[in-house]
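Okay, structure first, notes after.
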Amino acid sequence: MKSPLRTSCCLALTALLLSSCAVLSVRPPVPADWTPRGSVPVMVAMAPGGGSDRSARVIAQTLNEQELGFDANVENKEGGSGAVGWATFLSEEGNGNTLLVAETALNTLPLVYEDVPFTYESFTPLVMFAQDSRMVVARKDAPYDTCPELVDEAGRNRVIAGSSGKTGADALVTAELEKAGGRFDIVPYGSTGEVLTGLLGGQIDVAPASAANAKPYLESGDFKALCSLSEERYDDPVLGRVPTAIEQGMNATVIMWRGVFAAGGVADVQRRYWIDKIEQGMRSQTYRDYIKADMLIPANLSGEKFAAYLDDYDAQMREIFR
Amino acid sequence: MIENLTIGFEAALSAENVLWCFVGVLLGTIIGILPGLGSATGVAILIPVTLTFSPLTALIMLAGIYHGAQFGATITAILIATPGEASSVISTLDGYQMARKGRAGPALAISALGAFVSAMVSLVALMAVAPFFANLALDFGPPEMLAIMILGLCTIVVFSGRNLPLGMAMGLVGVLIACIGVDVGSGTARYTFGSVELFGGVPFVEVMIGLFAIGELLNQLHIGMAAPIKARFRDLLLTKQDLKRAAAPTARGTVVGFLLGCLPGAGTTLASFMAYGAEKTFSRNRKKLGTGAIEGVVAPDAATNAASNANFIPTLALGIPGGATTAVLLGAFLVYGIQPGPLLFENQPELVWGLLVSFFIGNVILLVLNLPLAPVFAQLLRIRYAFMYPLIIVTSLLGAYSVKNSMFSVWVVIVFGLVGYAMKRLNFPMAPLVLGLVIGPLFEKALVQTSVLAGDDGLGVLATPTTLIILALAAALVTSPLWRGRLRRTKTAPDQDQDQGKTKAHAEKGSHE
Amino acid sequence: MSTHPAPTAAPRRPVVIAYGVVTALGVAFCAGSFAYDWSNEDGTIGSAVLPRVAGFLLLLVGLWLVRQELRGGSVREGDGLVVEDEGHSPEEARRIRRKLITVVATMVVTALVIPILGLLLSLTLMTLFLTAVVEKQSLVRSLVVSAVTFAVAYLIFVALLRIPLPLGLLDPAVWSVL
């Protein structure tokens, strides 16, 4: 009998040979009547439980409800604010049998970290299904009531703001406020939950918050909303009373997008198939409930229009992050 | 509170809810046993399954999973030194040693019992004084957290064994490894060398699986294959003495865990370490810790449970997640159309109290399920090691992969398995390394936040009563070897040495000159 | 700590090397930290602070440990090398070393073939190889153990938890495009 050591060395060699073969294999052309089969991974580059994960699960559910002969399964690949998952998705190049649900950070992350191997252009945009914005909230006893007043105060005295990430929406909010002339000391936190704790505890003075996060504290009276950075007021009894920054005379908006992508270099027939089915799914009750519960702004841009939107968006982000 | 409890029991105690709670506990235990898959992942994976239930039933089942996973993680930590979850890392220190001595049954049973007692106590505390503690936690800003983290780093002293410089070195290695990846403060990608996988840092759970499970396995192969452990039935049961020894550590662990659990972001892992550190400092049997002492098993488990219950304080009172799993549970609230927040108690009393009551039910089910099962699980150790170690490798690699669905995790496990093996061979202490890994990022975050808050005040921000008390504690801890040493020298035969002199005498020969 | 007179014993080579590695780690992190900022624009603590300070401290502690060991080796609890006299004969020691290398190599090979054969199949084959070939257990038993491992893992991970494990070349998606 051979020694186990030699056996394992032989195995290692075979493994290397085989894997090089796998790399060399070429994909054949996609037939015109292509449909996805089996299990379709819906990748999301964030941890389970967060907003992105939730949106991916909704999209997967709307696809599965149509019973199209495949099974959409959410796959979380978190790490590095999304960098790990998106870099991994690069390797799906040409594979039409998989989807990616992503958001704004896909634009901002490559701007902040130049050594990530992807940009938003690495993937095929399919459908943008929602937009989100941010509100600026402060404790109820704060000496300012509107965003211009806050900016004014921040120009004269020390105002401490919280932020939950360098590439996320919070960074965009503080960038807008600083553009308007305020100066802030920004305390970095690990998550929105921690930011809100800091605000409740009085360690920080103001914080950006999503509509869904802010609402319960506005209802309870712990916080007051200074302004909403959306383009229009929210359609909600509580949040609808919050004026937008534009109404207050500040030219500041923060819009985030959520969208579905396919891998780079997929065939046209695959792209059209997914756009069609995802738009179909957006007519479902599941999708409408989701938009309502999470207080998102419904959106529907697909294919070329979504791609053009992303180009515009990226140009804006470049101005902020450079 | 009584009427609220009645509301809760009326809501939760339907046959259907109890059944689903049982299913949840069972599923949770399985998920917990798998290394890598913890309660957070378990809850997240199974949220879609519960979508068809009513919100309360679904939450009850998820709470069952949550509690089950916590205990499941301890099972493998004790039996095969494979922590199923970050917070059960510390159970491997003494639990595994107990198992190797043929006392796996009692180790598992006391762990279940300690966890149960601390869960009950902390739940009552949670119901009675949640708002009070929630407000207390709010006063804990970055400077206070910084002081806590300094205290945490100082426990390296008690984890170091005899060679303090070596313990410090291991702690520093842990801190440095934790520096890899994007830092919380300025968002710089550090030491990633262009590898996107490293953006998220060196993954903690995978490192633990490598260091402990694979490291120990290679070590066993080196020693010459652990013999299967055939314990007599008598040895599988708890003795009266075990219970007596476990009482005080359970109480200490519960208090430590509950207090740390109240603080958002401090986490259950830190609680388990601090509880073990407290045992190392205060327990009458502190010298035996690390060699299979029951105190070292029960205190961290009690702390983990108390902390995970206390995690719900900020969640329920303020709508803020106190930890990873509670964050996922909050996400589940949203799925069912419930908006968590400061008004949750007022708006949804039935739901909140039903959930809290289901924690009680879940813990009772967990105990009923696990006390009789503990000796059965212990029988797993009868498997011949030739079959056992391939199975450990399979569960380790499979578990590691499924943490993030990533091959990178598998490689991390293998690499740190070799590191763990080397450390075992050289008899380097593991605990300071793990402590450094856990506390490093938390310490840095608190440090950066404090430096922003400080502005021009400099160190002035640290001059609050709370921080000063905590820092004084830390100073006492650091200097403890000094005053301990002096105590030992003045007393010729310190009393705590006497009752354990026999077992320890040969181990100490080298150190007592 | 330095008040303890160090027990006299020859410095042990593996221990000195290990301390050297630890020290080098400190140097590497300390040196690497110069690529990052000591303080941010607003004067707050930058990302270089922790690794540089911790790296420097590790360098100091590491040197101290090396010195301690070279000065005669401290046979204290907590840093003693588990000595090689566990009753292994040289022949046994060689056999153990070979087995350790084989097991590690098997793990590495398994990780390498996962992208080809898929996760579950690779791990099952690894179990079979380790039990039947390395441990020389009876083939029937090894087959049963491997099969049970596969079945349990499949039930829990795929059927129950629906974790998308990689299937490698056996993935129907790879073949469906043909």
Run through all the Cα pairs of region B:21-153 and give the fraction in each 10 Å bin from 0, expressed as whole percent.
13, 30, 34, 22, 3
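By per-residue mean of other Cβ atoms within 10 Å, what is the highest-first order of B:309-319, A:216-226, B:113-123, B:73-83? Before the final figure, lay out each step's value.
Numbers: B:309-319: 27.0, A:216-226: 20.0, B:113-123: 24.5, B:73-83: 29.7.
Packing proxy ranking, top to bottom: B:73-83, B:309-319, B:113-123, A:216-226.
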Along region B:271-278, what does the Karplus equation 6.51 cos²θ - 1.76 cosθ + 1.60 (θ = phi - 60°) give for ³J(HN,Hα), rounded to whole Hz, x for Gly and Pro?
4, 5, 5, 5, 5, 5, x, 4
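How long are the three semi-axes of the equivalent ellipsoid of region B:340-437, in whole Å, if each is the root of 5 times an eigenvalue of the C-alpha gyration tensor, listed from largest down? Intermediate results must be reported in sequence, preceding the final value.
Working: eigenvalues 292, 106, 48 Å².
Working from the Cα gyration tensor, I get semi-axes of 38, 23, 15 Å.
Using the Cβ atoms and a cut-off under 14 Å, what net charge is assigned to the surroundings of A:Gly85, where Lys and Arg are +1 and Asp and Glu are -1? Don't jump to the answer; show the numbers that get you there.
Working: positive: A:Lys77, B:Lys404; negative: A:Asp53, A:Glu75, A:Glu78, A:Glu92, A:Glu103, B:Glu197.
With Lys, Arg at +1 and Asp, Glu at -1, the net is -4.
How much net charge surrounds A:Gln61 when only the other residues with a Cβ under 11 Å from the Cβ of A:Gln61 are counted, with Lys and Arg +1 and Asp and Glu -1? Mind showing how you got there, number by number?
Values: positive: A:Arg54, A:Arg57; negative: A:Glu65, A:Asp289.
Residues near A:Gln61 contribute 0 overall.
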With a ≥ b ≥ c taken as the square roots of the eigenvalues of the C-alpha gyration tensor of region B:377-425, please select rounded if a/c is under 1.5 and otherwise prolate if a/b is larger than b/c or oblate if it is not?
oblate
Let me know the mean shielding of A:177-189 by other chains, meaning the per-residue number of their Cβ atoms within 10 Å of its Cβ.
3
Leading residue at positive end of dipole, the protein assembly as shown (Cβ point charges), from A:Gly38, B:Gly174, C:Val103
C:Val103
Quick check for you: with a 1.4 Å probe and neighbouring chains kept, what is the accessible area per residue of chain A, in Å²?
42 Å²
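Averaged per residue, what accessible surface does chain B expose to a 1.4 Å probe, in Å²? Please report the intermediate quantities before stating the final value.
Numbers: 17060 Å² over 513 residues.
Ligands and nucleic acids excluded, the figure is 33 Å² per residue.
Given R₀ = 45 Å, FRET efficiency for A:Glu232-B:Val129 by Cβ-Cβ distance, to 0.05?
Numbers: r = 44 Å, r/R0 = 0.97.
That gives a FRET efficiency of 0.55.
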For chain A, which DSSP H helices look membrane-span-like by this rule: Cα extent along the axis of 18 Å or more and mean Kyte-Doolittle of at least -0.5?
A:4-24
Rounded to the nearest percent, how much of the accessible area of the protein assembly as shown (1.4 Å probe, protein heavy atoms only) is carbon and sulfur?
62 percent
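May I ask you to derive the FRET efficiency for B:Leu373 and C:Arg67 from their Cβ-Cβ distance with R0 = 56 Å, giving the value to the nearest 0.05? Intermediate values should be presented prior to the final figure.
Numbers: r = 52 Å, r/R0 = 0.93.
Rounded to the nearest 0.05, the efficiency is 0.60.
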Using only protein heavy atoms and a 1.4 Å probe, how much accessible area in total is buried between B and C, to the nearest 100 Å²?
6400 Å²
Once you sort the root eigenvalues of the Cα gyration tensor of region B:2-489 as a ≥ b ≥ c, which label holds: rounded (a/c under 1.5), prolate (a/b larger than b/c) or oblate (the other case)?
rounded
A student applying the Cα gyration tensor rule (rounded when a/c is under 1.5; otherwise prolate if a/b is larger than b/c, oblate if not) would label region C:107-173 oblate
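So if each residue of separation counts as 0.36 nm, and I subtract the Cα-Cα distance between A:Lys179 and A:Asn300, what length gain in nm does that give? Each step should come with its number before you reach the end.
Values: separation 121, 0.36 × 121 = 43.56 nm, distance 2.96 nm.
Going from the current span to full extension adds 40.6 nm.
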Where the only charges are on Cβ atoms (+1 Lys, Arg; -1 Asp, Glu), what is the dipole of the protein assembly as shown about its Cα centre, to the nearest 20 debye?
5120 debye
Report the full-extension gain for the segment C:Ile17 to C:Val148: residue separation times 0.36 nm, less the Cα-Cα distance, to one decimal in nm.
42.8 nm
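Around B:Glu85, under 13 Å between beta carbons, what's the net of Lys plus Arg minus Asp minus Glu among the other residues? Mind dumping the intermediate values first?
Working: positive: none; negative: B:Glu206, B:Asp301.
Local net charge: -2.
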Among B:Leu151, B:Ala73, C:Thr149 the positive-end extreme of the charge dipole of the protein assembly as shown (Cβ point charges)
C:Thr149
Using only the alpha-carbon atoms, what does region B:140-194 span along each of its principal axes? Please give whole angstrom values in decreasing order.
39, 33, 10
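Percent antiparallel among DSSP beta bridges with both residues in the protein assembly as shown, to the nearest 5? Numbers along the way, then the final one.
Working: 28 of 45 bridges.
Here the antiparallel bridges make up roughly 60 percent for the protein assembly as shown.
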Could you tell me the distance between the Cα centroids of region A:192-221 and region C:111-136, to the nearest Å?
51 Å
For the table B:Lys240/B:Lys288; B:Lys101/B:Lys244; A:Lys77/B:Lys445; B:Lys424/B:Lys445; A:Lys179/A:Lys224, the rows whose alpha-carbon distance is greater than 28 Å are B:Lys424/B:Lys445
Region C:13-70, Cα convex hull volume normalised per residue, Å³:
49 Å³
For chain A, list log₁₀ I(q)/I(0) at each q in 0.07, 0.11, 0.13, 0.15 Å⁻¹, using the Debye formula over Cα point scatterers of equal strength and ignoring solvent, two decimals each.
-0.34, -0.74, -0.96, -1.20
Which of these, A:Val42, A:Val260, A:Val159, has the largest mean-square fluctuation under a Gaussian network model of chain A (Cα springs below 10 Å)?
A:Val159
Taking the square root of 5λ for each eigenvalue of the C-alpha gyration tensor of the protein assembly as shown, the equivalent ellipsoid has semi-axes, largest first and in whole angstrom, of 44, 35, 29
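Work out the mean other chain Cβ neighbour count within 10 Å for the residues of B:199-209 and drop it here as an integer. Spell out each step's value before the answer.
Working: counts 11, 9, 2, 0, 2, 0, 0, 0, 0, 0, 0.
Whole-number average of other-chain Cβ neighbours for B:199-209 is 2.
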How much space per residue, in cubic angstrom, does the convex hull of the C-alpha atoms of region A:135-241 take up?
93 Å³
Straight-line reach from B:Lys280: which aspartates and glutamates have Cα under 13 Å away, leaving out those fewer than 8 places along the same chain?
B:Asp94, B:Glu295
Quick check for you: which residues of region C:29-46 have the amide N under 20 Å from the point 7 Å beyond the Cα of B:Val415 toward its beta carbon?
C:29-35
Computed FRET value (nearest 0.05) for B:Asn4 with B:Thr464, which takes r as the C-beta separation and R₀ as 22 Å
0.05
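The values are calculated or read from the model by the stated rules, or taken from the named source; none is laboratory data. Note that the structure is predicted; figures quoted are calculated from it, not measured. Don't worry about glycine lacking a Cβ; one is built from the backbone with ideal geometry, like all the others, and counts go over all protein chains shown. SASA here: full protein model, heavy atoms, side chains in, ligands and nucleic acids out. Shrake-Rupley method; radii C 1.70, N 1.55, O 1.52, S 1.80 Å.
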